[in-house]
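Asks: Next up is a structure, given as structure tokens.
Taken together, the values in this text are just the output of simple stated rules run on the coordinates, not laboratory data. The structure displayed is predicted, hence computed values, not measured ones. Note that we place each Cβ from the backbone using ideal geometry, even for glycine, and neighbour counts take in every protein chain shown.
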Ligand SMILES: Nc1nc2c(ncn2[C@@H]2O[C@H](COP(=O)(O)OP(=O)(O)OP(=O)(O)O)[C@@H](O)[C@H]2O)c(=O)[nH]1
Ligand SMILES: [Mg+2]
């Protein structure tokens, strides 16, 4: 299993500061919000929500930041999700609003395209309960055969570039499935749009939070991609370099 164990230095060790620092109690799915940007994901929204409900026994909160012109938001509301409407402005604008919306202590991101294994949510929660601040789904560990080859190559290259710039080996910088302690997402200012996923890994890692990569299965996408591979790939590469340099000289 790939893992990064970056211990925070000195006073930053207690990453749950301001929350339940006096208790060793474990988090349950009642402490979890699963959040996502949704943009015309009619083909997947019902499955994704059903999967989260089944795995968490209906306990996790589900938040969709939605820019759709199809029935995605209606389906999400019918299924009990909280829907925040937002003009479509790109992945990161939606996901930033989504991660900052919940009050619950653990925030899990996913894509609304049925690619990510909600059945592995218990493993993510267990890693948080074991002390991780961020648990990052590593799609490439098992090969990600369902991913288009161009994207797979790009994602491997992004991880390699980020690893060099951070001096820390990471295996998947652009995954959409992660769990975060809320303190992590609230204490950092997020600047990237298409590159937000990489930023959400890089800034916490370079600030000493404990990051763990969790190998995950990856399924073929339901519905159409919202990312142009060339334009999006260039934007992500630029974000990785910018964010790594900003953190290094911070
Ligand atoms: N609200 C909102 N959601 C968005 C926007 N762009 C993308 N999304 C959502 O963000 C998630 C990620 O987009 P994807 O199209 O899956 O991007 P990707 O994972 O890089 O590409 P694939 O590998 O094809 O899945 C999906 O749930 C989209 O619906 C946007 O402008 N607004
Ligand atoms: Mg996706």
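Asks: What shape does the range 71-119 have by the C-alpha gyration tensor, where a ≥ b ≥ c are the square roots of the eigenvalues, rounded means a/c under 1.5, and otherwise prolate means a/b greater than b/c and oblate the rest? Don't jump to the answer; show the numbers that get you there.
Replies: On the way: a/c = 1.19, a/b = 1.02, b/c = 1.17.
Rounded, since a/c falls under 1.5.
Asks: Could you state the orientation-averaged shadow area of the convex hull built on the Cα atoms of the range 29-70, in nm² to one decimal?
Replies: Numbers: hull surface 10.8 nm².
Its Cα hull, projected and averaged over all orientations, spans 2.7 nm².
Asks: Once the piece of chain linking residue 142 and residue 187 is laid out straight, how much longer is it, given 0.36 nm per residue of separation minus the C-alpha distance between them? Mind dumping the intermediate values first?
Replies: Values: separation 45, 0.36 × 45 = 16.20 nm, distance 3.23 nm.
Here the answer is 13.0 nm.
Asks: Would you report the distance distribution of C-alpha pairs in the range 111-189 as whole percents per 5 angstrom bin, up to the bin with the largest distance?
Replies: Per 5 Å bin, starting at 0, the Cα pair percentages come out as 3, 14, 20, 24, 21, 14, 4, 0.
Asks: For the range 27-248, what value does the Rg/Rh ratio take when both radii are computed over Cα atoms and Rh is the Kirkwood radius, given to two decimals?
Replies: Numbers: Rg = 15.9 Å, Rh = 17.2 Å.
That ratio equals 0.93.
Asks: Over the range 27-248, calculate the relative contact order: mean separation of alpha carbon pairs under 8 Å at least 6 apart, over the residue count, as a percent.
Replies: Details: 438 pairs, mean separation 52.7, N = 222.
Across the range 27-248, relative contact order equals 24 percent.
Asks: Can you work out the FRET efficiency for the pair residue 79 and residue 28, with r the C-beta to C-beta distance and R0 = 25 Å, to the nearest 0.05? Intermediate values should be presented prior to the final figure.
Replies: Numbers: r = 21 Å, r/R0 = 0.85.
That pair, residue 79 with residue 28, gives E of 0.75.
Asks: Then there's this: Assuming R0 = 35 Å, what is the FRET efficiency of residue 241 and residue 220, from their Cβ-Cβ distance, to the nearest 0.05?
Replies: Numbers: r = 30 Å, r/R0 = 0.86.
About 0.70, to the nearest 0.05.
Asks: While we're here: Estimate the FRET efficiency between residue 230 and residue 46 by the formula 1/(1 + (r/R0)^6), using the beta-carbon distance for r and 25 Å for R0, to the nearest 0.05. Write down the numbers at each step before the final one.
Replies: On the way: r = 31 Å, r/R0 = 1.25.
Approximately 0.20, to the nearest 0.05.
Asks: Something else now. Say we join alpha carbon atoms closer than 10 Å with springs in a Gaussian network model of the chain; which of 69, 33, 163 then has the biggest fluctuation?
Replies: 69
Asks: Something else now. Starting from the Cα gyration tensor of the range 38-117, take the square roots of the eigenvalues, sort them a ≥ b ≥ c, and report rounded, prolate or oblate (rounded when a/c is under 1.5, otherwise prolate if a/b is larger than b/c, else oblate). Mind showing how you got there, number by number?
Replies: Values: a/c = 1.58, a/b = 1.14, b/c = 1.38.
Oblate, because a/c is 1.5 or more while a/b does not exceed b/c.
Asks: Need the full-extension length gain, residue 126 to residue 163, defined as separation in residues times 0.36 nm minus the C-alpha distance. One decimal, nm.
Replies: On the way: separation 37, 0.36 × 37 = 13.32 nm, distance 2.55 nm.
Extra length from residue 126 to residue 163 when fully extended: 10.8 nm.
Asks: Under 10 Å, Cα contacts only: if you run a Gaussian network model on the chain, which one of 80, 67, 137 comes out with the highest mean-square fluctuation?
Replies: Highest fluctuation of the listed residues: 80.
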